[in-house]
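Coordinate-derived values only; no laboratory data. Since the model is a prediction, treat every value here as computed from it, not as a measurement. Don't worry about glycine lacking a Cβ; one is built from the backbone with ideal geometry, like all the others, and counts go over all protein chains shown.
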Amino acid sequence: MSVAIPVEKKKTAARIEWHAGGNKRLNGVQARLTGKARSPAVALEKPFNTGNSDEPMPPAPAIEKTPSAGEKRQVSFAQMLVFELRVRDAMTSPPITAIATDSLRSIQHLMKAHRISGVPILANDVLVGIISIEDIINALDACHINEPVEPWMSRKIVTLRDHFSLVRAVAEFDRHGYGRFPVLDANNRLVGVITRGDITICLMHQLERRAEEAVAKEAALVATRAADEKAHRIVINTDVKSGDFESAGKLSQRIREVLRARGVAPEILRRAAIIAYEAETNIIIHSLGGRITTAIDAIKVRIKAADRGPGIENIDLAMQEGWSTAGPLARELGFGAGMGLPNIKRCADEFVIQSELGGGTRLQAAVFLHKAETRL
Amino acid sequence: MKLKSVSKLPALLTVVEARPLTDLDEVELSGCYISDLLSDVLANAQPGVLWVTIHTHRNVVSVASMKDISAVLFTCGRKPEAAIIAEAAEKGIMLLSTPLTTYETAGKLWKAGLR
């Protein structure tokens, strides 16, 4: 009795289950297949495309669906990678292949040399079959090891496309139970072979790379901080949301605290705080949102405010006291006096404003910390 | 300031029939500023004044704090929310509320000598 029969049966069963949903024509093609022009792999591609448009969401591994609270962040990061990476990122390419007339013995040597357990078989550069180490053992058992591979190879090939996401690839491994998939590109050319091991290695490499990037980023941040500290520089980045009147004033509060701790004269720190406050409320009232970067060093406070628009139509008008485009809500809250920009200009030792209708507004103001002059 | 007595906060309470919303300290006021426009206060109010306004929004506390204004008097019986009163107390800004209008308040304060 040969071992080949139960093994072959098992495989056939798996394939039938898969074809049941899709392609009837396939069986006919396979029955007649003798290295014909049309690759069965092309037809086999079809079942993947039934139903949803491109990527039907296969059941993800359970661990990714129900992460414990503590692991949540890490899992979602791995999950992100699995979705982001494509089969082409993980596959072995170019693949080790053999041709239909090669002997089983030569393929066995090929497998040994490359430490692989399956080889796609080509005829005229078209994928016609795949042979696994199991097939070779079966042939060996039946004393056919020196014969050509063709009668022994599996012709029912499930392939993946190189653009599939790895999460889909993982699902296909789970669904079919195969050890490897040949990978085809958009032109149905065999471009690689992918195994579960390839996916694991690819993920490990990616994680390693991200970790290295994170370490480099942190090192750069530490270096910047060290330089800032040396120059007694503090940089405060504040994101300002449109319409967020509740948060107004927090930044200027912070600036006053820093300056007060540094012994800056009250009227100077007040000027810096007013600039920050007016710049902040301008973004809240007039813009779609923006960011204020405040840099404080031993010499001056520099406040840069940049928003995402809609821009100021006429800067000269906006700089005039009493001219305002503030809406009713802002006015109800005591804003819209038309004094914001003039106030900033009056408080600043240096002042620049640029704006473009349809673009954003950028404002830069500086206050010198140790000027004898008092202005407010 | 002609009459020193009214420039101290607790004494002002009776002049304008005000109710304190925070604890009051014995504070010398440098004068008074009346405005409902925040930018105007930022531009023109002197530190240490009593600020009279109808606005009760949180921004009043921010502006007062920025200008080192020690006391804010809300007119027409207005009162800010409890959270804003707490914020003012934390920043050392005293809040008061009077049922009088801003005009009446201004007249009485001026008459009492807060100038």
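Worth pointing out:
- Burial ranking of peptide ranges A:306-319, A:122-135 (average Cβ count within 10 Å, highest at the top): A:122-135, A:306-319
- Dividing the summed helix terms, -39500 (n - 2.57) for each DSSP H run of n ≥ 4, by the number of residues in chain B produces a 222 nm estimate of -10500 deg cm²/dmol to the nearest 500.
- For segment B:4-112, the extents of the C-alpha atoms along the principal axes are 30, 28, 24 Å, listed from largest to smallest.
- Cross-link pairs beyond the 32 Å C-alpha cut-off, checked among A:Lys300/B:Lys111; A:Lys217/A:Lys300; A:Lys217/A:Lys345; A:Lys304/B:Lys79: A:Lys300/B:Lys111; A:Lys217/A:Lys345; A:Lys304/B:Lys79
- The calculated Kirkwood hydrodynamic radius for segment A:82-208 is 14.9 Å, given to one decimal from all distinct C-alpha pairs.
- Here segment A:231-368 is treated with +1 on each Lys and Arg Cβ and -1 on each Asp and Glu Cβ, and its dipole about the Cα centre works out to around 560 debye.
- Radius of gyration over Kirkwood radius for segment A:79-140, both on Cα atoms: the Rg/Rh ratio is 1.09.
- Our compactness index for segment A:261-376, the C-alpha radius of gyration over the empirical 2.2 N^0.38 Å, is 1.06.
- Inter-part distance where segment A:230-300 and segment B:22-69 are each reduced to a Cα centre, Å: 19 Å
- Peptide B:31-40 shows a mean partner chain C-beta count of 5 within 10 Å per residue C-beta.
- Candidate aspartates and glutamates - alpha carbon under 18 Å from B:Lys8, same-chain residues fewer than 8 apart omitted: B:Glu17, B:Asp23, B:Asp25, B:Glu26, B:Glu28, B:Asp68
- For B:Ser70, distant residues with modelled amide H under 5 Å away: B:Gly48, B:Val49
- Protection proxy ranking, peptides A:167-173, A:292-298, average beta carbon neighbours within 10 Å, highest first: A:167-173, A:292-298
- Working ranking of peptides A:361-367, A:143-149 by packing, defined as the average number of other Cβ atoms within 10 Å per residue, highest first, is A:361-367, A:143-149.
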